[in-house]
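What follows is a set of notes on a single structure, which appears directly below.
The values are calculated or read from the model by the stated rules, or taken from the named source; none is laboratory data. As the structure is a computational prediction, the values presented were derived from the model and not from experiment. Positions of Cβ are backbone-derived with ideal geometry, glycine not excepted, and every protein chain shown enters the neighbour counts. Calculation scope for accessible area: heavy atoms of the full protein, side chains included, ligands and nucleic acids excluded. Shrake-Rupley method; radii C 1.70, N 1.55, O 1.52, S 1.80 Å.
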Amino acid sequence: MKNREICIYRADASSCNGCDIEIVAALSPRYRLHELGVRVVDKPEEAGVLLVTGGGNIKIGGDLRKVYEKLQPPRIVVAVGSCAISWEAFAGGYSIAGPADETMPVNLYLCGCPPRPPAIINALANTLGVKINEREDFWRPSPNFRGKHSLDLEACTACSACEQACPTRAIEITGKDGRQTVKYLLGKCSYCQTCERACPFDAVRLTEEYRLAFRDKEAAVVVADVELTKCIECGSFFVAPRQIEDAIDRIGGKAKEYAEYRENMRNAMKLCLNCRRKIVNVRGAKRLLAQLAAKTLESP
Amino acid sequence: MAQVIRIGPYDPTLFEPMAFEVTVKDRKIVKVDIDLGYAHRSIEKLMTTKTFHQDVFLAERVCGICSAAHSTCYCQAVESALDCYVPDRARYIRSVFFELERLESHYLALALLAHILHEEGHFRRILSERELLMDLFELATGNRVHYGVNTIGGVRIDLTPESIQKFRGVTARLRRLSDHILEAFSEKGEFTTKIRGKGVLPREKALALGVVGPTLRGSGVKSDTRKEDPYAAYGELEFEVPVGSDGDVYDRQLVRARETIESLNMIEEALDSLPDGPIQGEVGFPSEKEAVGRVEAPRGELVYFVKANGTDVPERVKIRTPSYMNNYSFTEMLLDQELADFQLIVESADPCFSCTDRLTIINQENEKREIVSLSSLRREK
């Protein structure tokens, strides 16, 4: 064996083969993974680095652990693809064990569905401390590549349209102290662009960024913080101001006769759901609206 | 003295996790047992927990090599359950991506054949030219493997004149690659002598075992879902169905090599006659209806069954994958063969275990393994 040669073993743990073909592609003459001094071996005993694809199901778990134990120390494990990190679209299935970091310690999480071959090479080079030069054109992704999300903090209203459309439940929206936090989990995303198509405010876009390797699983997120507006009756936080303006614009656009009642509509919409439920009849609603109008006149 | 050898689930001869129990006597294989379940991901059950639209992406992830086949088949089944109309342009675009995927899959199978035969020159050339296809996918759809082209009622991604231009350039280059591969299959080619007469699956056995796709056509049966039950744009495209004669490894791989030429022809024809118009049709409301979709995936006929119950979530989805039918032919193909040819013969059916794995029940008393159907599970309850 040559000096400083790094041996890699690939273990397919119930993956869909997508990541596996991309690892094979990384070895192809075009990407020249072997130039890093990397060799892919057939036996785990000879390898020091393990690339694991897929998170492992109930049946394969034990065999996967055996493969890990056969590795040569220091046993570097790279979880390739979102399935190995969080089981992505398959999370919650009855035969699903894992993900990979429950079977063995994982050193690097490489997000993507699947990660591009340059991303795999990049991640390997970073873990092993090898320098690479990304010289050729094909290292660059195509202009409409579906990579890391970019969130427009001004435009996002935390309306949860993307959360409901997401096929892998990779988007979490949580509220606290008048702020709504939108979290895109890169290790759970399938990069299918459904969120971009579902967003009514064009706030999310999938960028060309494809190097999504993280040492810490928790760091693989894109976050937006959205400030909420207060209910003018009870003072509790309930909705983003932009969402109210958008609703008024839409009503004005669809029904011209309401256009001049903009201010009244705005007041009515600044009521939270609980306060709206308190209205029992038309007279009650009128009285409340009059109160609100007086309130807004008083406040600057 | 008979000897039982267990191969897998992690073994250098296998590219995916699967286990074989091979009984060998005098260096010849006398019995083969297949042990599935290492890639079982409970997809059919998961599909009934997500909406129809979300399931398109789950169907795509059944297999990383046939993702267009799975999503097209699922969409076709749902479209007939929801009475959707698919515009002409969308049907043509589906066919284009379907054939590109067949090319990608067949080139990978042929590259693996070259690798097993230690023809490293061919292996490297096929793999590096295959990258052109992957670039094309990334350029047109934004991802190299899971394209996300299909949606219920049509396609999500339109072809622009620039991308069509790129498609034509690539098909012209791949034509030369396919000719180069076919040369290796000629009378004195590098592949021919090494693989002729190995792993024979006679026509009658192939029909009895119910194999599909190139494995069936290699045994001399002219059967292709694209001809028999045209879907997408295949009713309007002209193509031939190549068949083999003896049903050995050579015939199966030659069918694949010849199919790449047909696919290239079809892609060019579809791009020439690409109709204008919308790419997405109206999606109806779900009613209580059952429907079936059939397509000819790279490995053979793929069937989806979808049962809608009036909600936005399917009540039942059943997937019959081609490898599921083909894998049991190993028990026939491997008989009386040298153990050294094991990998060559297994790869000649181009098996895909990620889409095949089914629930296996192990009887604790006699350690007998059996693959059971859902109906018999119900009866046990």
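When you scan the stretch B:258-294, how many residues do you find that are surrounded by 15 or more Cβ atoms within 10 Å (Cβ to Cβ) and free of Cβ contacts under 8 Å to residues at least 60 places away in the same chain?
Summing the residues that are surrounded by 15 or more Cβ atoms within 10 Å (Cβ to Cβ) and free of Cβ contacts under 8 Å to residues at least 60 places away in the same chain in the stretch B:258-294 gives 3.
Hey, could you check the stretch A:126-185 for residues that are among the basic types (K, R) and within 10 Å of another protein chain (Cβ to nearest Cβ) and say which is nearest to the chain's Cα centre (by Cα)? Give the steps one after another, and end with the answer.
Here is the first cut: in the stretch A:126-185, the residues among the basic types (K, R) are A:131, A:135, A:140, A:146, A:148, A:169, A:176, A:179, A:183.
Okay, now just the ones that are also within 10 Å of another protein chain (Cβ to nearest Cβ), so A:146, A:169.
Details: A:R146: 12, A:R169: 9 Å.
In this case the residue turns out to be A:R169.
Within the stretch A:126-144, can you find the residues that are in contact with a helix residue (DSSP H, G or I) (Cβ under 6 Å, 6 or more places away or on another chain) and over 12 Å from A:R211 (Cα atoms)? Explain how you work it out, then say what you get.
Restricting attention to the stretch A:126-144, the residues satisfying the condition of being in contact with a helix residue (DSSP H, G or I) (Cβ under 6 Å, 6 or more places away or on another chain) are A:130, A:132, A:139, A:142.
Of everything in the stretch A:126-144, those that are in contact with a helix residue (DSSP H, G or I) (Cβ under 6 Å, 6 or more places away or on another chain) and over 12 Å from A:R211 (Cα atoms) turn out to be A:V130, A:I132, A:S142.
Does the stretch A:217-248 hold any residues that are open to solvent by 80 Å² or more (accessible area, probe 1.4 Å) and over 27 Å from the mean Cα position of the chain (by Cα), and which are they?
Quick first cut of the stretch A:217-248, residues open to solvent by 80 Å² or more (accessible area, probe 1.4 Å) only: A:218, A:227, A:230, A:237, A:242.
Correct list: A:K230 only.
Output the qualifying pairs, or none if there are none: Cβ atoms under 7 angstrom, residues six or more apart or on different chains, first residue in the stretch B:34-52 and closer than 22 Å to B:K307 by Cβ and more than 9 Å from every other protein chain (Cβ to nearest Cβ), second residue of a type in the set (S, T, N, Q) and open to solvent by less than 10 Å² (accessible area, probe 1.4 Å).
none
Cβ-Cβ under 8 Å, sequence separation 6+ or interchain: first residue in the stretch A:165-191 and at pLDDT below 95 and open to solvent by 60 Å² or more (accessible area, probe 1.4 Å), partner basic (K, R) and not in a loop (DSSP other than H, G, I, E, B). Which pairs?
Sorted first by the residue in the stretch A:165-191, then by its partner, the pairs are A:E172/A:K183; A:T174/A:K183.
Within the stretch B:117-157, track down each residue that is open to solvent by less than 10 Å² (accessible area, probe 1.4 Å), closer than 25 Å to A:R140 by Cα and in contact (Cβ under 8 Å) with a residue 60 or more places away in the chain.
Residues satisfying the conditions are B:V145, B:H146, B:Y147, B:G148, B:V149.
When the stretch B:158-170 is examined, which residues are found to be open to solvent by less than 30 Å² (accessible area, probe 1.4 Å) and over 15 Å from B:S95 (Cα atoms)? Steps first, answer last, please.
Going through the stretch B:158-170, the residues open to solvent by less than 30 Å² (accessible area, probe 1.4 Å) turn out to be B:159, B:163-164, B:167, B:170.
Hits for the stretch B:158-170 are B:S163, B:V170.
Filter the stretch B:4-23 down to the residues that are part of a strand (DSSP E or B) and open to solvent by 10 Å² or more (accessible area, probe 1.4 Å), then identify the one that is farthest from the other protein chains (Cβ to nearest Cβ). Walk me through how you get there before you give the answer.
The first filter runs over the stretch B:4-23 and keeps only residues part of a strand (DSSP E or B), leaving B:4-7, B:19-23.
Pick out the ones that are also open to solvent by 10 Å² or more (accessible area, probe 1.4 Å) and you get B:4-7, B:21, B:23.
On the way: B:V4: 18, B:I5: 17, B:R6: 12, B:I7: 13, B:E21: 15, B:T23: 22 Å.
Of everything passing the filter in the stretch B:4-23, B:T23 is farthest from the other protein chains (Cβ to nearest Cβ).
Is it the case that A:A47 is hydrophobic (A, V, I, L, M, F, W, C) and more than 26 Å from A:Y184 (Cβ to Cβ)?
On the way: hydrophobic (A, V, I, L, M, F, W, C): yes; more than 26 Å from A:Y184 (Cβ to Cβ): yes.
So A:A47 passes the test.
Tell me whether the stretch B:192-199 contains one or more residues that are touching a Phe, Trp or Tyr at 6+ places or on another chain (Cβ under 7 Å), assigned to a helix (DSSP H, G or I), surrounded by fewer than 23 Cβ atoms within 10 Å (Cβ to Cβ) and within 13 Å of another protein chain (Cβ to nearest Cβ). Outline the logic, then answer.
To start, the set of residues in the stretch B:192-199 that are touching a Phe, Trp or Tyr at 6+ places or on another chain (Cβ under 7 Å) comprises B:192, B:195-196.
Cutting the leftovers down to assigned to a helix (DSSP H, G or I) gives us B:192, B:195.
Then keep just the ones that are surrounded by fewer than 23 Cβ atoms within 10 Å (Cβ to Cβ); that gives B:192.
The next check asks that each one be within 13 Å of another protein chain (Cβ to nearest Cβ); those that pass are none.
The answer is no; no qualifying residue exists.
Of all residues in the stretch B:222-258, how many are of a type in the set (D, E, K, R) and assigned to a helix (DSSP H, G or I)? Working first, answer last.
Going residue by residue through the stretch B:222-258, those that are of a type in the set (D, E, K, R) are B:222, B:224, B:226-229, B:236, B:238, B:240, B:246, B:248, B:251-252, B:256, B:258.
Add one more test, that the residue is assigned to a helix (DSSP H, G or I), and what stays is B:226-228, B:251-252, B:256, B:258.
Residues that pass the stated criteria total 7.
Have a look at A:G56, A:G18, A:G62, A:G37 and point out the one that is out of contact with any strand residue (DSSP E or B) (no Cβ under 7 Å at 6 or more places or on another chain), open to solvent by 20 Å² or more (accessible area, probe 1.4 Å) and of a type in the set (G, A, S).
Just a single option satisfies the conditions, and that option is A:G62.
Using the structure shown, decide if A:C7 is within 14 Å of another protein chain (Cβ to nearest Cβ), within 14 Å of A:A125 (Cα to Cα) and in contact with a strand residue (DSSP E or B) (Cβ under 9 Å, 6 or more places away or on another chain). Walk me through how you get there before you give the answer.
Details: within 14 Å of another protein chain (Cβ to nearest Cβ): yes; within 14 Å of A:A125 (Cα to Cα): yes; in contact with a strand residue (DSSP E or B) (Cβ under 9 Å, 6 or more places away or on another chain): yes.
It is true that A:C7 is within 14 Å of another protein chain (Cβ to nearest Cβ), within 14 Å of A:A125 (Cα to Cα) and in contact with a strand residue (DSSP E or B) (Cβ under 9 Å, 6 or more places away or on another chain).
Of the numbered conditions (1) in a strand (DSSP E or B); (2) touching a residue at least 24 places away in the same chain (Cβ under 8 Å); (3) touching an Asp or Glu at 6+ places or on another chain (Cβ under 9 Å), A:I132 satisfies every one except a single condition; which is it?
Condition (1) is where A:I132 drops out.
I need the full set of residues from the stretch B:117-135 which are under 20 Å from the mean Cα position of the chain (by Cα) and either among the aromatic types (F, W, Y) or more than 9 Å from chain A (Cβ to nearest Cβ) (or both), in order please. Break it down stepwise before answering.
Our first condition is that a residue be under 20 Å from the mean Cα position of the chain (by Cα); within the stretch B:117-135, this holds for B:126-127, B:130-131, B:133-134.
Across the stretch B:117-135, the qualifying residues are B:I126, B:L133.
What tally of residues in the stretch B:101-114 results from selecting those that are open to solvent by 10 Å² or more (accessible area, probe 1.4 Å) and either at pLDDT 90 or above or over 20 Å from the mean Cα position of the chain (by Cα) (or both)?
Step one: list which residues in the stretch B:101-114 are open to solvent by 10 Å² or more (accessible area, probe 1.4 Å), which gives B:108, B:112.
The next check asks that each one be either at pLDDT 90 or above or over 20 Å from the mean Cα position of the chain (by Cα) (or both); those that pass are B:108.
Number of matching residues: 1.
Which fully enclosed strands (runs of 3 or more DSSP E) of the stretch A:27-119 have 1 or more residues being away from chain B (no Cβ under 12 Å) and over 28 Å from the mean Cα position of the chain (by Cα)? Before the answer, list the steps.
Numbers: elements: A:38-40, A:49-53, A:76-80, A:108-110.
Here the list reads A:38-40.
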